[in-house]
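See structure below.
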Amino acid sequence: MTAATASVPTDPRITLFGAEWCSDCRRSKKVLDGLDIDYDYVDLEAVADGADRAHAISGRTRIPVIVFPDASHLVEPSDADLRAKLAQFSVEA
């Protein structure tokens, strides 16, 4: 897992870059969905430049890459790490 500042403009929404075949992606989506968090999902198999965008943000080829409103990101976070990050944004975690 990596937390760092992404080199993208600040967006008020959370964006999850992932793929349906990825168990870590499904797990992170389940956390977000379970907390009823509105987020953008970029399916790397359906969006032509999705993988390139995720790699540009994280510098890694691992997924999910989750970008937060402060432009920070997590790569392959545990549920606990994802919930802790969400708590920084006053999201019920």
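Read-outs: derived from the displayed coordinates by stated rules, not from any lab. None of these values were measured; they are calculated from a predicted model. All Cβ positions, even for glycine, are placed from backbone atoms using ideal geometry, and neighbour counts span all protein chains on display.
A crude spin-label estimate for the pair Arg27 and Arg62, with each label 7 Å from Cα along the Cβ direction, gives 1.1 nm. For segment 53-93, the gyration tensor built on C-alpha atoms gives an oblate shape. Its axis ratio a/c (a ≥ b ≥ c) is at least 1.5, and a/b is not larger than b/c. If the chain linking Phe89 and Tyr39 were pulled fully straight, counting 0.36 nm for each residue of separation and taking away their Cα-Cα distance, it would gain 16.7 nm. Of the trypsin sites (Lys or Arg not before Pro) found in segment 40-93, those that fall in a DSSP loop while having at most 16 other beta-carbon atoms within 10 Å are Arg60, Arg62.
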